[in-house]
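Peer 1: This is the structure, below, for whatever I ask next.
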Amino acid sequence: MSWLRDQCSLLGEFLRSDFRRSVFWCAVGLTAAFALGLGGAALRPELAETAIDAFTKQVAQAGVLDEEGGMFVFGLLMNNWRAMLLSAAYGFIPFLFLPVISLLVNGALLGIMASYYMTHGMSMLLFLAGILPHGVLELPALVLSIACGACLCRNMCRLAVSSPQRIPMVELLGDLLRVLVLLVAPMVVAAAFIECYITPVIMGLFL
């Protein structure tokens, strides 16, 4: 237990460091992407239809649905955890900031989905019921994992140009791993169970 307390203490220090700026700007980017997706889909409804169709096919192929078409909790958990890890791991590629692309795509997709609900005469309460129960955990987990990727990418850039602001990779990777294991992983697990067992019930109240 003392080891876990030490790790949590180190995590707290890292979250209070410059990393919180990465988290803040990733949250801003997600919100901006949502707004762009919402506005773009409202102007071009046919693009929203195409995006929703592609997303539906992707979900069907991702192994997250059971034989009855419902969410399969283990498949959903593995799919989401893999996505979070990839979002962070993309940061190993310097200069391109690929994690930010993942952030923008996810935010825009949420905006497109919201627009889809509105243009098809469905209640926004239904949309929120389908997003918020698990989204209150899954979206912060997404922001944290992408902030890890962005932070890693920034340090890779500093290492590539021998910047004096670079951080030793062992130290940084230890901090990022604590974020992923102690924060992101539990949030993803909880969100998967909520999405499978609680979100459908709440959505049913608005159908």
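The values are calculated or read from the model by the stated rules, or taken from the named source; none is laboratory data. These figures come from a predicted structure and were not determined experimentally. We place every Cβ from the backbone using ideal geometry, glycine too, and count neighbours over all the protein chains shown. The protein model used for the area step is the full one, side chains on, heavy atoms only, and it has no ligands, DNA or RNA in it. Shrake-Rupley method; radii C 1.70, N 1.55, O 1.52, S 1.80 Å.
Peer 1: On C-alpha positions alone, give me the angle between the axis of helix 124-160 and the longest principal axis of the chain, in degrees, nearest 10.
Peer 2: The helix 124-160 is inclined about 30 degrees to the chain.
Peer 1: May I pose another question? Taking Cα atoms, how many degrees apart are the long axis of helix 169-178 and the longest axis of the chain, rounded to 10 and kept between 0 and 90?
Peer 2: Relative to the chain, helix 169-178 is tipped by roughly 40 degrees.
Peer 1: Taking 8 Å as the Cα distance limit and 6 or more residues as the minimum spacing, I'd like the relative contact order of region 37-131 as a percentage.
Peer 2: Computed value for region 37-131: 40 percent relative contact order.
Peer 1: Which sequence of Trp81, Trp25 reflects their accessible areas, 1.4 Å probe, from the largest down?
Peer 2: In descending accessible area the options line up as Trp25, Trp81.
Peer 1: I've got another one for you. What's log10 of I(q)/I(0) for the chain at q = 0.07, 0.10, 0.16, 0.17 Å⁻¹, Debye sum over Cα points only, no solvent?
Peer 2: One equal scatterer on each Cα of the chain leads to -0.24, -0.48, -1.11, -1.22.
Peer 1: For Arg20, Arg44, give the ranking by accessible area with the largest first, probe 1.4 Å.
Peer 2: Sorted descending by solvent-accessible area, the residues read Arg20, Arg44.
Peer 1: Would you work out the charge dipole size for region 27-155 about its Cα centre, treating the Cβ of every Lys and Arg as +1 and the Cβ of every Asp and Glu as -1, and quote it to the nearest 20 debye?
Peer 2: Computed charge dipole of region 27-155: roughly 480 debye.
Peer 1: Taking a ≥ b ≥ c as the square roots of the Cα gyration tensor eigenvalues, with a/c under 1.5 meaning rounded and otherwise prolate when a/b beats b/c, else oblate, which class fits region 86-164?
Peer 2: Note, shape of region 86-164 comes out prolate.
Peer 1: Right, here's the next one. Please give the peptides 2-9, 112-119, 165-172 ranked by average Cβ packing (other Cβ atoms within 10 Å per residue), highest first, as a rough proxy for protection.
Peer 2: Sorting 2-9, 112-119, 165-172 by mean packing, highest first, produces 112-119, 165-172, 2-9.
Peer 1: Out of every Cα pair in region 131-176, what percent are spaced more than 14 Å from each other?
Peer 2: The answer is 57 percent, as a whole percent.
Peer 1: Relative to the present Cα-Cα distance, how much length would full extension add between Met124 and Ala62 at 0.36 nm per residue of separation?
Peer 2: Separation in residues times 0.36 nm, less the Cα-Cα distance, equals 19.7 nm.
Peer 1: Hey, another quick one. Could you work out how far apart the two model spin labels at Arg158 and Arg5 are, taking each label as a point 7 Å from the Cα in the direction of the beta carbon, and quote it in nm?
Peer 2: The answer from the label model is 3.1 nm.
Peer 1: Now for a different question. When you count, for each residue, the other Cβ atoms within 10 Å and take the mean per peptide, how do 46-56, 133-143, 88-98 rank with the highest first?
Peer 2: Ranked by mean Cβ neighbours within 10 Å, highest first: 133-143, 88-98, 46-56.
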